[in-house]
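Below is one structure, written out as structure tokens; the observations come after it.
The values are calculated or read from the model by the stated rules, or taken from the named source; none is laboratory data. Only a predicted model underlies this, so the values are computations on that prediction, with no experimental measurement involved. For neighbour counting, all protein chains shown are included, and Cβ atoms are generated from backbone atoms with ideal geometry for every residue, glycine included. For accessibility, only protein heavy atoms count, side chains too; no ligands or nucleic acids. Shrake-Rupley method; radii C 1.70, N 1.55, O 1.52, S 1.80 Å.
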Amino acid sequence: MPVYAPVVGEVVRDLGHRAPTGGVVEGVYMDTLNGLAYLRHEAGGCEWTTKPEHVQALPQPRYLSVQQPSRPRANDRA
């Protein structure tokens, strides 16, 4: 089965992580780097990574405006 390729700003499901309640986690797709998809919560905050094959489209697509996507913080070097 092909891996889903979301667009920047698309809200997707992360099947690789579970919410504390046991439900599926949703996040805004930010980028794919070094073989990992970077997502962040709709309300903002730090990105987290998941495998691209764990990213799934929502039944009713939603998008957030991402004016200038930044590189994920995990790749920043001090």
Per residue accessible area of the stretch 16-58, 1.4 Å probe, in Å²: 53
Spherically averaged projected area of the stretch 17-58 from its Cα convex hull (nm²): 3.2
Sulfur and carbon atoms: percent of accessible area, the stretch 1-40 [1.4 Å]: 58
Dipole in debye (nearest 20) - the stretch 1-51, about Cα centre, beta carbon charges: Lys, Arg +1; Asp, Glu -1: 180
